[in-house]
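The values are calculated or read from the model by the stated rules, or taken from the named source; none is laboratory data. Quick caveat, the model's predicted, so the values are computed rather than measured. Here the Cβ is made from the backbone with ideal geometry for all residues, glycine too, and neighbour counts use every protein chain on show.
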Amino acid sequence: MRAVRYHEYGNPDVLRITDAPTPEAGPGQVRIAVGAASVNRMDVKLRSGAMASGPLRKPRGTGLDAAGVVDQVGPEVTGVQVGDRVFGAGSAVLAERAVLSSWAPVPDGLSLTQAAALPTVAETAGRVLGLLPDQPGSVLVVDGASGGVGTILVQLALRRGLAVIGTASAGKQELVRRLGATPVPYGPGLVERVRALASHVDGAADLAGHGSAGELVELVGDAGKVVTIADFSGSTEAVVTSGSEGRSWDTMAEVADLVAAGELELLIDGELDWSEAAEAHRRCESGQATGKIVLTVGAAG
């Protein structure tokens, strides 16, 4: 089969479509003919070598989220069969065939492009929200509300009766407002700007990595009610979640159903052919994308 791979760490230009071994579905897995895959910040970090401890020793594929049509069902798998449309998470999924370890059916009315944009952002939003106060009426600050995870988290929080204040750049504050949150500029002085809008804050999420975790703890007054997915410096008192402590894959199916029903807005920045993987990584790396960047593979039609 063909797959987007890289033979060395570096800038997006190291990505190439090359021949690769076709993966097989193992226990608890399904294999799909990939129709679309999306780009995550983690894909960028892995490709760049930012998380590597040494040089790359063998070619590596890219991509964590994909959607397509099941063409192989692994042992111990029930409730899905060859020909079903599914979306989910795996590794090296930007390829003609990919194995998914976590997946859900693609609801009627949802395209493979839309479904491929969902797994990581929906799971992360659900995981973060599960660690925060969720009583109706609670006030939540989301730093990075206009990003892929942030836009989903804001909408889920509002559906659960929370009030949300979301940080965004000047050009994206109208988006935050449209989603139902109160926008506020990000950056130094966040504490004063938020306190001008709310008498108290019950919880906060650091999704952006602007170094705001300390300010968010000051706002909330309880480090245990501040969650970060972006500050791994070891210096923050906030709750750090990487997913290693448990995942929230049920949120993936919940969000897909809401998008299909028109009850939740899914933001897709752009749709490119998978031959443009380098451009997709550049766009993701720039931080300028509004929503997810999706690459169509076409193997599933």
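Checked against (1) modelled with pLDDT under 95; (2) more than 16 Å from Gly211 (Cα to Cα), Gly189 passes all but condition (2).
Determine whether Val142 is buried (at least 22 other Cβ atoms within 10 Å of the Cβ), assigned to a loop (DSSP other than H, G, I, E, B) and either of a type in the set (A, V, I, L, M, F, W, C) or in contact (Cβ under 8 Å) with a residue 24 or more places away in the chain (or both). Spelling it out, it is not the case that Val142 is buried (at least 22 other Cβ atoms within 10 Å of the Cβ), assigned to a loop (DSSP other than H, G, I, E, B) and either of a type in the set (A, V, I, L, M, F, W, C) or in contact (Cβ under 8 Å) with a residue 24 or more places away in the chain (or both).
Against the list (1) more than 18 Å from the chain's Cα centre (by Cα); (2) hydroxyl-bearing (Ser, Thr, Tyr); (3) surrounded by fewer than 16 Cβ atoms within 10 Å (Cβ to Cβ); (4) outside any helix (DSSP H, G or I), the condition Thr236 fails is (3). Working only within region 12-55, note down all residues that are within 22 Å of Glu279 (Cα to Cα), touching a Gly at 6+ places or on another chain (Cβ under 8 Å) and surrounded by fewer than 22 Cβ atoms within 10 Å (Cβ to Cβ). Once the filter is applied, which keeps residues that are within 22 Å of Glu279 (Cα to Cα), touching a Gly at 6+ places or on another chain (Cβ under 8 Å) and surrounded by fewer than 22 Cβ atoms within 10 Å (Cβ to Cβ), region 12-55 yields Ala20, Ser48, Gly49.
Does region 41-48 contain any residue that is in contact with a helix residue (DSSP H, G or I) (Cβ under 9 Å, 6 or more places away or on another chain), in a loop (DSSP other than H, G, I, E, B) and among the acidic types (Asp, Glu)? No, because not a single residue in region 41-48 is in contact with a helix residue (DSSP H, G or I) (Cβ under 9 Å, 6 or more places away or on another chain), in a loop (DSSP other than H, G, I, E, B) and among the acidic types (Asp, Glu).
Show me the strands (runs of 3 or more DSSP E) entirely contained within region 49-114 in which 2 or more residues are in contact with a Lys or Arg (Cβ under 8 Å, 6 or more places away or on another chain), on the phi < 0 side of the Ramachandran plot and at pLDDT 95 or above.
Details: elements: 65-73, 85-90, 97-105.
Strands (runs of 3 or more DSSP E) meeting the threshold: 65-73, 97-105.
Of Lys292, Lys225, all but one fail to be over 20 Å from the mean Cα position of the chain (by Cα), basic (Lys, Arg) and crowded, with 16+ Cβ neighbours inside 10 Å; the exception is Lys225.
Considering each residue of region 243-264, count those that are assigned to a helix (DSSP H, G or I) and not hydroxyl-bearing (Ser, Thr, Tyr), and give that number. Please lay out each step first, then the result.
Within region 243-264, the subset assigned to a helix (DSSP H, G or I) is 250-260.
Right, trim to not hydroxyl-bearing (Ser, Thr, Tyr) and you get 250, 252-260.
Number of matching residues: 10.
Working carefully through the options Ala36, Ala95, find the one that is under 23 Å from Glu254 (Cβ atoms), of a type in the set (A, V, I, L, M) and either assigned by TED's automatic domain parsing to the domain that holds Gly287 or within 16 Å of the chain's Cα centre (by Cα) (or both). So the residue among Ala36, Ala95 that is under 23 Å from Glu254 (Cβ atoms), of a type in the set (A, V, I, L, M) and either assigned by TED's automatic domain parsing to the domain that holds Gly287 or within 16 Å of the chain's Cα centre (by Cα) (or both) is Ala36. Look at (1) surrounded by 20 or more Cβ atoms within 10 Å (Cβ to Cβ); (2) closer than 23 Å to Gln288 by Cα and you find that Gly203 fails only one, number (2). In region 1-12, the residues that are closer than 27 Å to Asp71 by Cβ reach residues that are basic (Lys, Arg) with C-beta atoms within less than 9 angstrom, at least six apart or across chains, in these pairs: Met1/Arg97; Ala3/Arg97; Val4/Arg16; Arg5/Arg16; Arg5/Arg60; Tyr6/Arg16; Tyr6/Arg47; Tyr6/Arg60.
In the set Ala208, Ala198, which member is among the hydrophobic types (A, V, I, L, M, F, W, C), in contact (Cβ under 8 Å) with a residue 40 or more places away in the chain, outside any helix (DSSP H, G or I) and over 23 Å from Thr236 (Cα atoms)?
Numbers: Ala208 fails: over 23 Å from Thr236 (Cα atoms).
Every option except Ala198 fails the conditions.
A single member of Asp257, Asp231 is farther than 16 Å from Val4 by Cβ and in contact (Cβ under 8 Å) with a residue 60 or more places away in the chain, and it is Asp257.
For residues that are crowded, with 19+ Cβ neighbours inside 10 Å and either touching a helix residue (DSSP H, G or I) at 6+ places or on another chain (Cβ under 9 Å) or assigned to a loop (DSSP other than H, G, I, E, B) (or both), tally how many sit in region 164-180. Explain how you work it out, then say what you get.
In the first step, residues of region 164-180 are kept if they are crowded, with 19+ Cβ neighbours inside 10 Å; the result is 164-168, 172-173, 175-176, 179.
Remaining after also requiring either touching a helix residue (DSSP H, G or I) at 6+ places or on another chain (Cβ under 9 Å) or assigned to a loop (DSSP other than H, G, I, E, B) (or both): 164-168, 175-176, 179.
Going through region 164-180 one residue at a time, the tally reaches 8.
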